[in-house]
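The values are calculated or read from the model by the stated rules, or taken from the named source; none is laboratory data. These numbers were taken from a predicted model, which means no experiment stands behind them. Neighbour counts run over all protein chains shown; Cβ positions are idealised from the backbone, glycine included. All accessible areas refer to the heavy atoms of the entire protein, side chains included, with ligands and DNA or RNA removed. Shrake-Rupley method; radii C 1.70, N 1.55, O 1.52, S 1.80 Å.
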Amino acid sequence: MAIRNIVKKGDEVLNKKAKKVEAINQRVTQLLDDMAQTMYENSGVGLAAPQVGILKRIIVIDIGEGLIELLNPEIIESSKEEILGDEGCLSIPDRVGKVKRPEYVKVKGLNRIGETVEYEGREFLARALCHEIDHLNGILFTEKAESITYNEQ
Ligand code: ZN
């Protein structure tokens, strides 16, 4: 495993649409391992492959309830109810924004051995899933935020 460099806002890779994973090979599983390690090392709760410079539809999330790895994730259900909450991003470390996200989403994708898996998320997990899937479509939270403030760490 290796820690990868996190691409920061301003790099155009973050504004591009990522491509579907067509075959799961050793490069993909290595990337999953590296993404998880990079996320934990940076105390993040999620990371999308474009954030390490790879335009593939791959995300990892851990909000403290265990690691979720998803290839080609898609939101297949979401609640009408939305919640306005704080959001940050490892690619924009000095900003926090208030972003509206669905209270609930159901996401479908593949796991690292190519099985179809579904995850249901409420509140913070729903937010993390939406945020990471947005990255795969070249969208940063700052484009959706109702307000943005400096994150004083
Ligand atoms: Zn992000």
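In table form, for the structure just shown:
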read-out	value
Residue within the range 43-64 that is more than 16 Å from the ligand (Cβ to nearest atom) and over 15 Å from A18 (Cα atoms) present	yes
Residue check for N137: under 15 Å from the mean Cα position of the chain (by Cα), under 22 Å from A23 (Cβ atoms), open to solvent by 30 Å² or more (accessible area, probe 1.4 Å) and not basic (K, R)	yes
Matching strands (runs of 3 or more DSSP E) fully within the range 36-133 where at least 3 residues are free of Cβ contacts under 8 Å to residues at least 40 places away in the same chain and buried (at least 16 other Cβ atoms within 10 Å of the Cβ)	104-110
